[in-house]
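The values are calculated or read from the model by the stated rules, or taken from the named source; none is laboratory data. What you are looking at is a predicted structure, and each value in this text was computed from that prediction instead of being measured. Every residue, glycine among them, receives a Cβ derived from its backbone with ideal geometry; neighbour counts consider all protein chains shown. When the accessible area is computed, the model is the full protein with side chains, heavy atoms only, and any ligands, DNA or RNA have been set aside. Shrake-Rupley method; radii C 1.70, N 1.55, O 1.52, S 1.80 Å.
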Amino acid sequence: MAIERINLYKANMRLKNPFQTSFGVMQEKEFFVIEAIDHDGNRGYGESVAFRSPWYTEETVKTTEHMLEDFLIPILQKSEIDHPNDVFRLFRPIKRNNMAKASIEGAIWDLYAKQQNIPLAKAIGGEKTTIEVGISIGLQPTIKELLDKIEAALATGYKRIKLKIKPGQDIEMLKEVRQHFPVTPIMVDANSAYTLEDVDHLRKLDAFQLMMIEQPLAHDDIVDHAFLQKKIETPICLDESINSLDDAKRAIQLGSCKVINIKIGRVGGIYEAKRIHDYCKEMGVDVWCGGMLEAGIGRAHNIALTTLSNFTLPGDTAGSSNYWYEDIIQPEVIVEQGLIQVPTKPGIGFDVKEESLNRFTSSSKTFTFN
Ligand code: OSB
Ligand code: MG
């Protein structure tokens, strides 16, 4: 693919509102933009998604930096890459560190699509021209604030509402929510906040006609989830527990979930995300695209992935303005009536605003290729 150099930018963006989950609060997003440049001057972009603390899964901004600089970029510098699918295989000797791998694979995919002069969605086999999106609303200090957020999200047209829950902010909270929004498509995400001791408690969620409950139990479990799924009606969706196609196969075969949230970063890139999508399609398991509070580049990759046919449920790819006062891409991601128009320009289909990226960048490095 004639890569000439890779630029690594460390950026930091402040979220409009703090985002609270069962594992903690986030107010700033620190991440890397990976820019892969070829001999013709094409520029492919990827964005890393790991947070500063290993609260969601084990990766962090620092482990991403370590992996990129000391292992992943050196592997690419020594290799021939004909197609982005090669990247997953080249990275196989490096165990896990999926978010680091995905960030650079994403840049290679964008570069490839630009070299082919086709949209990224088309390059990965996507078909949709618009995608349906929902919104993920963090834990709120009061019920009033939560109800207001839901109201605003519905006014914007989001196709479904995802609410974060944790012990102490679940059953009573949902009772209030259902009183105000009796038929709104609602799901909940626990980010691993419960254990099997909570089975009777979790069974109470069945009263609320939720679309699903995401990752109620441990981040690395699929056995307890299978037990729980037999005890509750609400479909379980796995997020943290699915890090590969093999994980997806085992979870589906064990009955640990009825839905899978696919995140490109969590599974190590678009190649593996697509394989999980294809397997789920074959098995009749619905999937949707999760989010990691991405800036515009990561958001654009999520949009492209969601154009695959088995992304049948609305994803967490809300519009740029849900997160940021200013995004790093142009145009920004816009949601109208709960829909995003898939861009038709080559690659990710959004231009990176160099001036904004530079303003958000605290340091950068260049890696040259022969
Ligand atoms: O579990 O899906 C999650 C945000 C940070 C970490 C984990 C999760 C989330 C979200 C928000 O739910 C998704 C988004 O809007 O990008
Ligand atoms: Mg989740």
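Shape verdict for region 122-341, please, from the Cα gyration tensor: rounded (a/c under 1.5), prolate (a/b greater than b/c) or oblate.
oblate
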statement: In the chain the accessible area split gives carbon plus sulfur, as whole percent at 1.4 Å, a share of 49
statement: Computed for the chain: size of charge dipole around the Cα centre, +1 on C-beta of each Lys and Arg, -1 on C-beta of each Asp and Glu, debye to nearest 20, value 180
Whole-number Å³ per residue for the convex hull built on Cα positions in the chain: 120
message: So if I take the centroid of the Cα atoms in region 315-370 and the same for region 186-209, what is the distance between those two points in Å?
response: 35
- line: Computed over the chain: longest principal axis from alpha-carbon atoms vs helix 143-156 long axis, angle to nearest 10 degrees, is 60
statement: Expressed per residue, the solvent accessible area of the chain in Å² (1.4 Å probe) is about 41
- prompt: What does the highest-first list of 9-21, 33-45 look like by mean Cβ count within 10 Å?
  reply: 33-45, 9-21
- line: With only helices counted (DSSP H, runs n ≥ 4, each -39500 (n - 2.57)), the per-residue ellipticity at 222 nm for the chain, to the nearest 500, works out to -9500 deg cm²/dmol
field: Among the listed pairs Lys128/Lys149; Lys95/Lys263; Lys10/Lys101; Lys122/Lys365; Lys162/Lys263; Lys249/Lys281, those beyond 22 Å (Cα-Cα)
entry: Lys128/Lys149; Lys122/Lys365
- prompt: Angle, helix 98-116 long axis vs. longest principal axis of the chain, Cα atoms, 0 to 90°, nearest 10?
  reply: 60
task: Considering Cα pairs under 8 angstrom that are at least six residues apart, work out the relative contact order of the chain and quote it in whole percent.
output: 23
query: Going by alpha carbons, how many degrees (0 to 90, nearest 10) lie between the helix axis of 171-180 and the longest principal axis of the chain?
result: 90
